[in-house]
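Worksheet for the structure shown next.
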Amino acid sequence: FDFSKITIDDIIYRMKTVVKEENYLCDDEALELIARLADGGMRDALSILEQCLAYNDQHLTVDDVNHIYGILSLDKKIDLLKVLLTKNMKKSLELLEQMKSSGIDIKRLTLDIVDILKDVIIYKNTNEISLLFVLSKTYIDSLVPYISCDEAFEFIDILMDASEKYAKVINPFIYFELAILKICNHVKEEKVIEVIKEVVKE
């Protein structure tokens, strides 16, 4: 049998039904993240939900899910991209070391950053927020003006090249680190001053 993937909305609806019946309190953001982690599998979603509720059965938040699965928050992913766009290699390496120490899932982080960059490309070509998968208007305003479509495509190529190598090694972190260094070197010089001003302003 060839089973198709279940939509994120359907998975969230089913999980909401389950948590309501079991009298659990879960934030919508947490359920959306679990649905994305399940990648179209309802059984996987319910299994992840069960694990997360075992960690916090009082009030499950997106931060709980991030912590359990070693996921960097969206805010921190955007911050990482901004640092890369300043070509600040020292700061980039410091952030990488923090991620390594906190047990961040590098494979998932790589794909998450690719999703952000895809949203950048889609928005720059359509100006339609409804077509985006990850970014909201706030994030669009703080990131999109400082990166071109060509740069986004270059960064995606670098990250996907690193991702393909992850399966061949015990510790994929070295390939992610090399990808980050390559991205720092691919940022166009004229973009650096603009994004530095944005980072300082924040």
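Filter region 85-99 down to residues that are closer than 19 Å to Asn171 by Cα and free of Cβ contacts under 8 Å to residues at least 24 places away in the same chain and give me whichever is least open to solvent (accessible area, probe 1.4 Å). In this case the residue turns out to be Leu95. Scanning region 25-51 for residues that are surrounded by fewer than 17 Cβ atoms within 10 Å (Cβ to Cβ) and either among the β-branched types (Val, Ile, Thr) or more than 18 Å from the chain's Cα centre (by Cα) (or both) yields a total of 10.
Restricting attention to region 52-71, and to residues there that are touching a Ser or Thr at 6+ places or on another chain (Cβ under 9 Å) and open to solvent by less than 70 Å² (accessible area, probe 1.4 Å), which single residue is farthest from Val187 (Cα to Cα)? Restricting to residues being touching a Ser or Thr at 6+ places or on another chain (Cβ under 9 Å) and open to solvent by less than 70 Å² (accessible area, probe 1.4 Å), the top hit is Val62. Each residue in region 100-116 was checked for being surrounded by 14 or more Cβ atoms within 10 Å (Cβ to Cβ), part of a helix (DSSP H, G or I) and over 10 Å from the mean Cα position of the chain (by Cα), and 3 of them qualify. Go through (1) modelled with pLDDT of 90 or more; (2) among the small types (Gly, Ala, Ser); (3) closer than 30 Å to Val19 by Cα and name the single condition Ser148 misses. Failing condition for Ser148: (3).
Selection over region 25-48 of residues that are assigned to a helix (DSSP H, G or I), closer than 18 Å to Asn66 by Cβ and out of contact with any Cys (no Cβ under 9 Å at 6 or more places or on another chain) gives a count of 13.
When restricted to residues that are without any contact (Cβ under 8 Å) to a residue 60 or more places away in the chain and open to solvent by less than 50 Å² (accessible area, probe 1.4 Å), region 137-150 contains 4.
Checking each residue in region 1-21 for being exposed (fewer than 11 other Cβ atoms within 10 Å of the Cβ) and under 13 Å from Asp57 (Cα atoms) picks out no residue at all.
Within this structure, Lys82 passes the test of being open to solvent by less than 20 Å² (accessible area, probe 1.4 Å) and either touching a strand residue (DSSP E or B) at 6+ places or on another chain (Cβ under 7 Å) or at pLDDT below 95 (or both).
The values are calculated or read from the model by the stated rules, or taken from the named source; none is laboratory data. These numbers were taken from a predicted model, which means no experiment stands behind them. Neighbour counts are summed over all protein chains in view; Cβ atoms, including those assigned to glycine, are modelled from backbone coordinates with ideal geometry. When the accessible area is computed, the model is the full protein with side chains, heavy atoms only, and any ligands, DNA or RNA have been set aside. Shrake-Rupley method; radii C 1.70, N 1.55, O 1.52, S 1.80 Å.
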